[in-house]
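The structure appears below as structure tokens.
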């Protein structure tokens, strides 16, 4: 290796200690840290890519230090020859060369002539670029995937493969292209094979390449012969896109490459106003999805609905099992399963979900609650309102331990508090009350709880948090305009905002107010030290925050309310705008929109 120079954020002695611990490894001779420049200089024989990977696993965003191209004592190891103007591809790092400025490994070359070394290496990388160009175009599309609302099976909303956008490049984002879908777009876009998939509130679903080319669009009412639409992020497999319908409660599977209807399920719930609001999860030949309802909003039809969670066969849409959230014919109604995406734990054979509130309960239970200050002992077994539920994927027995929730759980692993060098698997979820909970994945025992911000009738935490395994990030919608005290500044706001908590303890590290005085309904996303979020103001601001400090790195207006979340991949962030057609949108005060926006740090040339 010789010498490698990296740019790593340094805000405190703690950050410096974290970097040194991460780099305690064979092959490193010396580490020099310049906190003012945020520069780490390392000498030794260790593999540079291994060094970068260890720092990223420690939760530190990192990129190569911009080497001076004309330093006579430095030879430039720039993969795929950024010294050339051609649009070449980076073989070592796996993304298009034009997506980044010339950054390099700097290696001391005291005993060689600079010009000879520069020419030799540049020619080598140029030859390699031609050989790998076609291969890299193909393989690039296998990274940067977002296969559901939660991004992955763990529902983490973590773009783990994104290495281009960083805390240094984030301030330089600009709009690359936009696409007009004809109506509001409130779902988090899915990304797969260099194509972005999303629905619109006009009943269409779209497939658009990451360069902005429309590949196909499909009218759901036309192919299903039902007056319907979808508001869900599709679950993506190699061959299929799976959308839930906003009434009737059905799932449709489309061919991913053409949009052709492959199958449509039967009605998964036949009660009035049943629908699918949750973005489901596809795994191991099955599709997992919850059923919700609007009965609570329409007095004339309330109440007959009982929430459920169901498993469908991925080949034909036939139901394999259904597990109800309340006992059948018990007098309990409601408990929709509607938020985020189910998270899947293959090791334990479990799928985790969150549930909604009861619409109606028996009078004797209500009397018991009135006498006993809302004691849960008044409920019979099997009533799972406002809970986190672990369901066996194989046969769906009665749900296990349950705790209050506000969105579907995320799966992550933290250092054990009881055993050194051991780890604990947990589920983390937020609720509309503003409380974020962490529970042990094996037995449901409480690990920590944190009041991240004020609750509200709509939130609190809503629609989805994110984690990079070091911190948990959530929005606080603050729908009721309560006083929200920020950390560590101690300042107060009545707007919404965003909060970061230490994943191992739940300790709040920072909270940032929405500077535009609006609520913050959209779920957050995290990638390479940057938190992506949207504002519900009429101008539709999208923002990027420093994951370590909460500092606003970048913001832009989109022209319409932002209600959904951003997807991140391939050096870009993707977001839809507009929120005026949903049932509660008029009460929220959202503005109509139809644009789908893509931002990156270097707009693609024609």
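The values are calculated or read from the model by the stated rules, or taken from the named source; none is laboratory data. The structure presented is a predicted model; accordingly, all values stated were derived computationally and were not measured. Cβ coordinates were reconstructed from backbone atoms using ideal geometry, including for glycine residues, and neighbour counts include every protein chain displayed.
Do you know which residues across the range 324-337 are at negative phi and surrounded by fewer than 20 Cβ atoms within 10 Å (Cβ to Cβ)?
The answer is 327, 328, 330.
Starting from the range 452-468, take each residue that is farther than 23 Å from residue 426 by Cα and list its partners that are assigned to a strand (DSSP E or B), counting only C-beta distances under 6 angstrom and pairs at least six apart or across chains.
The qualifying pairs are 454/484.
Provide a single number: the residues in the range 216-248 that are free of Cβ contacts under 8 Å to residues at least 24 places away in the same chain and either within 25 Å of the chain's Cα centre (by Cα) or not in a loop (DSSP other than H, G, I, E, B) (or both).
5
So which residues in the range 196-215 are surrounded by fewer than 22 Cβ atoms within 10 Å (Cβ to Cβ) and on the phi < 0 side of the Ramachandran plot?
202, 204, 209, 211, 213, 214, 215 - these are the residues of the range 196-215 that are surrounded by fewer than 22 Cβ atoms within 10 Å (Cβ to Cβ) and on the phi < 0 side of the Ramachandran plot.
Condition (residue is touching a helix residue (DSSP H, G or I) at 6+ places or on another chain (Cβ under 7 Å) and part of a loop (DSSP other than H, G, I, E, B)) applied to the range 256-263: is it met by at least one residue?
Within the range 256-263, not a single residue is touching a helix residue (DSSP H, G or I) at 6+ places or on another chain (Cβ under 7 Å) and part of a loop (DSSP other than H, G, I, E, B).
Do we have residue 569 as under 24 Å from residue 458 (Cα atoms) and either buried (at least 24 other Cβ atoms within 10 Å of the Cβ) or at pLDDT 95 or above (or both) here?
The answer is no for residue 569.
Does the range 4-25 hold any residues that are farther than 17 Å from residue 57 by Cα and either modelled with pLDDT of 85 or more or not in a strand (DSSP E or B) (or both), and which are they?
11, 12, 13
Among the residues in the range 577-599, are any in a loop (DSSP other than H, G, I, E, B), modelled with pLDDT of 95 or more, closer than 29 Å to residue 14 by Cβ and touching a strand residue (DSSP E or B) at 6+ places or on another chain (Cβ under 9 Å)?
The answer is no, given that none of the residues of the range 577-599 is in a loop (DSSP other than H, G, I, E, B), modelled with pLDDT of 95 or more, closer than 29 Å to residue 14 by Cβ and touching a strand residue (DSSP E or B) at 6+ places or on another chain (Cβ under 9 Å).
So which pairs qualify, if the first residue must be in the range 306-319 and outside the structural domain of residue 275 (by the TED database), the second must be not in a strand (DSSP E or B), the Cβ gap must be under 9 Å, and the two must be at least 6 apart or on different chains?
Short answer, once both residue conditions are applied: none.
What number goes with the only condition from (1) surrounded by 18 or more Cβ atoms within 10 Å (Cβ to Cβ); (2) within 14 Å of residue 256 (Cα to Cα) that residue 179 does not pass?
(2)
Quick one: in the range 391-414, of everything that is modelled with pLDDT of 90 or more and in a strand (DSSP E or B), which residue is farthest from residue 336 (Cα to Cα)?
414
Conditions first: (1) under 22 Å from the mean Cα position of the chain (by Cα); (2) buried (at least 24 other Cβ atoms within 10 Å of the Cβ). Residue 284 passes all but one, so which condition is the exception?
Failed condition: (2).
For the range 475-554, please list each of the strands (runs of 3 or more DSSP E) lying entirely inside it that holds at least 3 residues being touching a residue at least 24 places away in the same chain (Cβ under 8 Å) and out of contact with any strand residue (DSSP E or B) (no Cβ under 7 Å at 6 or more places or on another chain). Write out each step before concluding.
Values: elements: 497-502, 508-513, 525-527, 530-534, 541-546.
Per the criteria, no element qualifies.
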